[in-house]
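Since the structure comes first, as structure tokens, the remarks are kept for the end.
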Amino acid sequence: MKVWPLHFNIILLLLGFVLGCQTPKADKEISAVRLHIEVNPDVLGGSMVVAVCRAAPVSVNVDNTPFVDEGDITRAAVVDWMGGFAIQLEFNYHGKLMLENTTRFYPGRRIAVLAEFGEARWLAAPIIGRPISNGQLVFTPDATREEAERFARGLNRVAAKVAGNTFQSTIK
């Protein structure tokens, strides 16, 4: 009788391993994004210099703390843009407020986009031309279309998870 439970547990372990291995990799893709604002150098260590773009790096001094992250994203998409493609990020209420306030307060500065999708790298640093009040940031990434699509899929997966875990008030 003592052999049966051990035998049963080994079968369950093997079954779980086999089923786990058959899960498509795309189901496990997650991405993260951090938006950092360009700031003047801080002698106290509140900022850092980052290199954006791999082919022709541009040095940008950014605040160490991001003003929005993947928890503020409701949707990400790869869109056709001026003969190429771009990434469009849509923000929730908090992200929209942060994006609008930051772009209103820092005109002419850059927004450095740090992305993690299997690897972490700085994808873009668009210059703020005007306040962004519609809650959408569109930028041309330093990435292939396949990398951009993988990044967007991962962000959408995280956004769905965050939306599913948020407290929904029942008070009307």
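Only residues that are in contact with a Ser or Thr (Cβ under 7 Å, 6 or more places away or on another chain) and surrounded by 15 or more Cβ atoms within 10 Å (Cβ to Cβ): list them for region 55-69, please. Scanning region 55-69 gives Asn61, Val62, Asp63, Phe67.
To keep it simple, each residue is scored yes or no on (1) of a type in the set (Ser, Thr, Tyr); (2) closer than 26 Å to Met48 by Cα.
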| site | (1), (2) |
| --- | --- |
| Ala76 | no, no |
| Trp81 | no, no |
| Asn92 | no, no |
| Ala115 | no, yes |
| Glu119 | no, yes |
| Leu137 | no, yes |
| Thr144 | yes, no |
| Gly154 | no, no |
| Ala163 | no, no |
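Can you say whether Phe117 is of a type in the set (Phe, Trp, Tyr) and touching a Lys or Arg at 6+ places or on another chain (Cβ under 6 Å), as far as the supplied structure shows? Yes, satisfied.
Here's the yes/no breakdown for (1) under 24 Å from Asn156 (Cα atoms); (2) not acidic (Asp, Glu):
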{"residue": "Leu35", "(1), (2)": "yes, yes"}
{"residue": "Asp63", "(1), (2)": "no, no"}
{"residue": "Val68", "(1), (2)": "yes, yes"}
{"residue": "Arg75", "(1), (2)": "yes, yes"}
{"residue": "Asn92", "(1), (2)": "yes, yes"}
{"residue": "Lys96", "(1), (2)": "yes, yes"}
{"residue": "Phe105", "(1), (2)": "no, yes"}
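Filtering region 100-139 to residues that are touching a Gly at 6+ places or on another chain (Cβ under 8 Å) and touching a residue at least 60 places away in the same chain (Cβ under 8 Å) leaves only Phe117. Against the condition over 28 Å from Lys28 (Cα atoms) and over 16 Å from the mean Cα position of the chain (by Cα), how does Tyr106 come out, does it pass? Here the answer is yes, as Tyr106 does meet what is asked. For beta carbons closer than 7 Å, sequence separation of 6+ or different chains, a first residue in region 68-92 that is within 16 Å of Ser133 (Cα to Cα) and a second that is modelled with pLDDT under 95 and not in a loop (DSSP other than H, G, I, E, B), the qualifying pairs are Ile73/Ala159; Thr74/Ala159. Suppose the filter is out of contact with any strand residue (DSSP E or B) (no Cβ under 7 Å at 6 or more places or on another chain) and either within 18 Å of Ile73 (Cα to Cα) or crowded, with 20+ Cβ neighbours inside 10 Å (or both); does Ile132 pass it? Taking the combined requirement at face value, the residue satisfies it. Of all the listed residues (Val39, Val68, Val49), the sole one being at pLDDT 95 or above, in contact with an Asp or Glu (Cβ under 8 Å, 6 or more places away or on another chain) and not basic (Lys, Arg) is Val39. When you look at Pro66, is it within 15 Å of the chain's Cα centre (by Cα) and not in a strand (DSSP E or B), yes or no? Yes, satisfied.
Residue under question is Ala112, and the condition is that it be touching a Leu at 6+ places or on another chain (Cβ under 8 Å) and aliphatic (A, V, I, L, M); does it hold?
Taking the combined requirement at face value, the residue satisfies it.
The set of residues from region 42-54 being outside any strand (DSSP E or B) and either touching a helix residue (DSSP H, G or I) at 6+ places or on another chain (Cβ under 6 Å) or surrounded by 10 or more Cβ atoms within 10 Å (Cβ to Cβ) (or both) comprises Asp42, Gly46, Cys53, Arg54.
The values are calculated or read from the model by the stated rules, or taken from the named source; none is laboratory data. No experiment lies behind these values; they were computed from the predicted model shown. Cβ coordinates were reconstructed from backbone atoms using ideal geometry, including for glycine residues, and neighbour counts include every protein chain displayed.
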